[in-house]
Every structure is written in C-alpha cells, then in structure tokens.
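Reviewing the structure listed below.
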Amino acid sequence: MTARDEALTVDRWTTMAPGRALGAARQPTIHDVARLAHVSIGTVSKALNGNGRVSVETRARVAAVAHKVGYRPNHLAQSLHRGQSFTVGVISNDNFGRFAMPIVEGLEERLAERRISVFMCNATDDPALEARHVEQLLAKRVDGIVVTGRRADRRPPLQVPLAGLPTLYVFSQTDDPEALCLLPDDFGGARLACDHLIKLGRRRIAHVTGPERFESVLLRREGYRAALKAAKLAAPEKICLSGAWSEAWGREALDRLFAGGPAPDAVFCGNDQIARGVTEALRERGLGAPADVAVVGFDNWAVIAEATRPQLTSVDMNLKELGRETGRRLMAMISGERQSGVHRLPCSLVIRESCGAMRQGGA
C-alpha cells in the first residue's frame, strides 16, 4: 500500500460514523492503530512509548495515525502492567491555598519530568474526611502521598493502611521518626532578616510576632535573638511582643513599643500582615519607614508586601522550591530509596524599600 493509499484509509476511518467504525461507545484501541499503520501491536507500543528499536519513519507513521484517529493509551492498564500509576496524591488543610499552592506548583513541575500527575484533596482539619481521601487515593493506586497544610506545626501521622507507600510531609510535620518532613528554615530566615538590619546600622531592633503556640514563632524569635546576640545588641522582653497574625496587632504593638523607653529604629515582624500594620501605625504617628524605623516582614506574600507603602522587605520561605524538593525526594522514595527525618530548606530575603537598603544604594 502506498503512502497515499494509507492516508486515504485513515481518512475514511476517521470520517465514518462512530457506529459504523468502532461502535458508538468505543474509543480507538492500540489494535486499530496497528491495523491502520500496518505494524504489529508491539511496534505501536514501542513507537508511542519512545522505547525499543523502531525506525524513525515507523515511529513517525505510528504517531501520525494515533493522532489522526484520536488514540489515547490506556494508562490504567499500563499502570497495572508496570506496577506504577504515575500519579501521586496531595492532602492539605490549607483551605485558601496560601502556602499549599506554591508548594504544589513546584511539586508538579518536578513530577512532570517523569510524567507523574497530582490529585489534590482538601481535608479541612477533618480527620474523617482525611481518612476518606486516603481511601480514595489508594483506590486510584497512587504511587505516593504528600501531606501539607497552612502551618508547619506537628500533626498526627497520616493513617495509610497500605504499608510501604511513600508518604512525605512538606510544610507540615509529624512525630513519627520514620517520616520525612521538609520545612522552611524559620530560624535561618529570621537570622537573615536581622543580620541585614544590623548591617544597615540599626541597633534597637524590636520583634513583633504571632501567637507563641506556633513553632514558627518560637524559631523566628530564636533567630532574632541569635542575630542580636552575635552583634552584641540587647533584646529585652519589652521589645519582643507576641499577639495575633493580623494588621491590627501590628498597629497595637507599635503603639506599645512607643509607649515608654527608647523607640526602636527597626522592627522585624513575624509575618507580612503584622508588618503592614506596623507601617500604618508609623504613618499615623507622622513617622515613616525606613527613614525613622526600618520594617521587615516574613512570608513575602506578594499581595501584602507589594501593596504596602513603602513596599515591604520580607523573608521568602521559597515554597515553590520546597515543592520542587518534595518532588525530587518523592521520586527517590518511589524508586525504593528510604528517607526520613526533618529537613529545613533555606529562606531568602527579598529587599524592597521598607528596610532602607534601597535608600542607601543596596546592601
């Protein structure tokens, strides 16, 4: 059969009424592609999967036929044959996606290298719902599960009935010593921010942060104190204040800092919302950042940091990169590599106007 005859055969097949061609409900199969391309089923499989010894011409012809007739490989059958579904599940309780979505974006980028897809489930802090999601993911034969959340505090281990299924925690952690937990380095991020303020010449640096029940609050406070100690600067309790994760608390805290004693010349804030409240309170007092008080936040939440006036210098937890590392580690676990322990990835400092570095020509 000539190439022209073959093309006509395929064209006639694709223009036939569904009922006359393969039956109204049936999709084209690998057998149809093999018949129309005049090759064996094995050759079709090798050509479309990119493996085996198949000539360039045959591979191109098979691909063209498969595309023309709308053939899609049966991934479920392939997964049963290979023992791998090329899917993973993500279970999160981050309803708004503030932290989970950048992580998942990085995760999907890394998993795409292996053509692995992601099923995302929102557990909303409901143990019963979380258990149902686990059962549904197992029914889909996922190759692994990633657990994440809206805070990095410890949580009970995920109950996975299937022993040996790779399970990884990111921006979340558990007390299970066999679990692998990937977290941002809160201590290091705080140290980075305060070292920067000290380098800019600030000497009375206050710290306004969130509720003390959060591990991130304690670690960021430790990083703040370590930086000041290394620079031989004082960090008295009265300029280290804890409250809510809110702008309102930032405004209130700034008022407290100015209520008595020397005023701070810098404020390192536990998140960007608090930092925005601090800058607003400064403006209400007729003061400015950074001219009177330098301000640095934490999270680098663009919707807050870039809308604050002046724009907010902030610690970035590099959540997308955390997601990429999650994908890399998960693929290694799926391949049989055993991994465990708590690993903290470095943060970075995004410098904008509020710290004074721009005014001084950078630092």
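Only the coordinates and a few stated rules stand behind these numbers; no lab work does. This is a predicted model, so every value here is computed, not measured. Positions of Cβ are backbone-derived with ideal geometry, glycine not excepted, and every protein chain shown enters the neighbour counts.
Just a few scattered comments:
- Label-point separation in nm, S246 to Q84, each point 7 Å along Cα→Cβ: 4.9 nm
- Sites E222 and R72, calculated FRET efficiency, Cβ-Cβ separation with R0 56 Å, nearest 0.05: 0.55
- Euclidean distance between Cα centres, the range 131-199 to the range 251-274, Å: 33 Å
- Nearest-20 debye value, the chain charge dipole, Cβ charges on Lys, Arg, Asp, Glu: 860 debye
- Once the Cα atoms are used to define both axes, helix 319-334 deviates from the longest principal axis of the chain by about 50 degrees.
- Gained length - K199 relative to F119, 0.36 nm times residue gap less alpha-carbon distance: 24.3 nm
- Rounded to the nearest 10 degrees, the angle from helix 186-199 to the longest Cα principal axis of the chain is 50 degrees.
- Dipole of the range 143-266, positive end: most advanced residue of A259, G164, L192 [Cβ charges, Cα centre]: A259
- Taking amide hydrogens as placed 1.01 Å from N in the peptide plane, the amide H of V295 sits under 5 Å from those of V267, C355, each at least 5 positions away in sequence or on another chain.
- Extension gain from A112 to R141, taking 0.36 nm per residue of separation minus the Cα-Cα distance: 8.6 nm
- Principal-axis tilt of helix 3-15 within the chain, Cα atoms, nearest 10 degrees: 70 degrees
- Protection proxy ranking, peptides 329-339, 279-289, average beta carbon neighbours within 10 Å, highest first: 279-289, 329-339
- Farthest toward the positive end of the dipole of the chain, out of I304, L183, Q84, is the Cα of Q84, where the dipole comes from beta carbon charges about the Cα centre.
- Computed from label points 7 Å out along Cα-Cβ, the spacing between F96 and N49 is 4.7 nm.
- Mean ellipticity per residue at 222 nm, deg cm²/dmol - from DSSP H runs of n ≥ 4 across the chain, formula -39500 (n - 2.57): -13000 deg cm²/dmol
- Net charge contributed by nearby residues that have their C-beta within less than 12 Å of V278 (K/R +1, D/E -1): -2
- Percent antiparallel among DSSP beta bridges (both partners in the chain, rounded to 5): 10 percent
- Each of A259 and S40 was given a label point 7 Å from its Cα along the Cα-to-Cβ line. The distance between the two points is 8.5 nm.
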